[in-house]
Amino acid sequence: MLLALVPLFDDKMAVKAYSIFSQKENNLLNPLSQGTGFLDGATSIPGLDIVNEVSIDVLTDGKEVFIPISNISIFTDIEGECKEPYDKVVLLLDNTIPPVDMYVNRVKELKEKGFKIAVRKLAVSEFESHKNILQYTDYMFLNNKKIAIDKAKIYFGKLYPNIELCAGNIDSMDIFEELKAAGGYSFYEGNFYRIPITKGENEVSMLKVNYIALLNIVNDDNFDLSQAAAIIGRDTSLTISLLRMVNNMTVNGGITTIRHAAAMLGQKELKRWINTAVVNALYADKPSEITRVSLLRAKFAENISSSFGLAARKEELFLMGLFSVLDVILEKPMAEALDLVQVSDDIRKALIDDEGKFAPILDFVKGYETAEWQEVSRQMILQNIDIDDVYNAYVDSLKWYKTLMAED
């Protein structure tokens, strides 16, 4: 199984829901599975299987989850199979589900059971013909590249005022800002939130300079614990977080100094904690999803390191994932952003030039998170990677992130 989660933002850049994109097997190994003649497993709903196995709490932190439904799987026992609250599950339909009575009645039935309904991939010419399905729809995705969504917004506002509109395929912050200013949309979907806005010679805030200095200390070989403790002491939130964590680890608690806490952790664990806690703080003025992307990339890259023959360098791969959005955070080109931190040449080559030993893992991780399944499948064949190993590595990353945020 392959699994990716695509965020849906509100106009304040807060994530309100996630769409699940999944694939049951490596289609490059079984090309027939991509054709209409291969129906084995067509009645299953991979997204629902994932939700039942992993839980909405871990996948989306309790937010709504959008699950694609096919024109065959819509007639399965969705009500009986779903183990999560129905009102958290949004069944995502597309234009392969025709607006004929048997489908309309099934959509109505699911809606009456408590599920929410979303529709995507409808062309303007299909709006009228699908009116019997749209009357039960909660969310409508509008592709801003294919539809004049300003006009579509007026259309839905008049005929279906209860449908919440989702502007999709947004590739830049400029487009996001234009759509937000126009109003009328509940959700925004696309890559816009991780596209770096570089401002050249802009100054990095003193707070971020402090965090970067701390990262540089702990990512140097045999760093000085007392030096790291001194910099942690300049930030109240980091100090409180460190003392709380270490006191929770000890039987009697009572650790009140930063140096004592740092010594209790030791170099390896202190380095690990700082690399995650500081990145979380460093990215605090950006959308929370950026922090999530950074940490998930880091853990996922670490988890699949052995599959790429780089298990011995998993700590560097973790760091590569953390810094893979540093250009977004510092609003500088990646080369300039990395000049501020100490990283290995292999990390620099991967992040700046997409070259070197680490580049294949970085490409794999990025392709996976955007559900580019054909490229992911190709790399799995080249590296002889089992699909279950990839799925387990990603789910482990989600669980690790959930635990990390719970401790924050």
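Each value in this text was obtained by applying a stated rule to the coordinates, not by laboratory testing. Note that the structure is predicted; figures quoted are calculated from it, not measured. Cβ coordinates were reconstructed from backbone atoms using ideal geometry, including for glycine residues, and neighbour counts include every protein chain displayed.
Taking a ≥ b ≥ c as the square roots of the Cα gyration tensor eigenvalues, with a/c under 1.5 meaning rounded and otherwise prolate when a/b beats b/c, else oblate, which class fits the stretch 289-395? Mind showing how you got there, number by number?
Details: a/c = 1.84, a/b = 1.58, b/c = 1.16.
Prolate, because a/c is 1.5 or more and a/b exceeds b/c.
Amide H of A17 versus every other amide H placed in the peptide plane: which residues, excluding those fewer than 5 positions away on the same chain, fall under 5 Å?
Here L8 satisfy the definition.
Which Cα, out of S307, T403, T370, lies furthest along the positive dipole direction of the stretch 292-408 (beta carbon charges, K/R +1, D/E -1)?
Positive-most Cα among the choices belongs to T403.
Where nothing but the Cβ of Lys and Arg (+1) and of Asp and Glu (-1) is charged, how large is the charge dipole of the chain around its Cα centre, in debye to the nearest 20? Numbers along the way, then the final one.
On the way: 43 positive and 59 negative charges, 128 e Å.
In debye, rounded to 20, the chain gives about 620.
Sequence neighbours fewer than 8 away in the same chain don't count; with that in mind, list the aspartates and glutamates whose C-alpha is under 18 Å from K145.
Correct list for K145: D94, E126, D171, D174, E177, E178, E189.
Name the lysines eligible as straight-distance cross-link partners of K16: C-alpha to C-alpha under 17 Å, and not fewer than 8 places from it in the same chain.
K63, K88, K116, K180, K286, K402
Quick one: in the stretch 2-194, what % of C-alpha pairs are over 25 Å apart?
Working: 6913 of 18528 pairs.
Result for the distance tail: 37 percent.
Say the dipole of the chain comes from +1 at the beta carbon of Lys and Arg and -1 at that of Asp and Glu; which of F223, Y86, P68 then lies farthest toward its positive end?
Looking along the dipole axis, the top candidate is Y86.
Kirkwood Rh, Cα Rg: Rg to Rh for the chain? Write down the numbers at each step before the final one.
Details: Rg = 23.3 Å, Rh = 23.2 Å.
The Rg/Rh ratio comes out at 1.00.
Which order do peptides 119-125, 54-60, 212-218 fall in by mean Cβ count within 10 Å, highest first? Don't skip to the answer; put the middle values down first.
Values: 119-125: 16.0, 54-60: 18.0, 212-218: 19.9.
Highest mean packing first, the order is 212-218, 54-60, 119-125.
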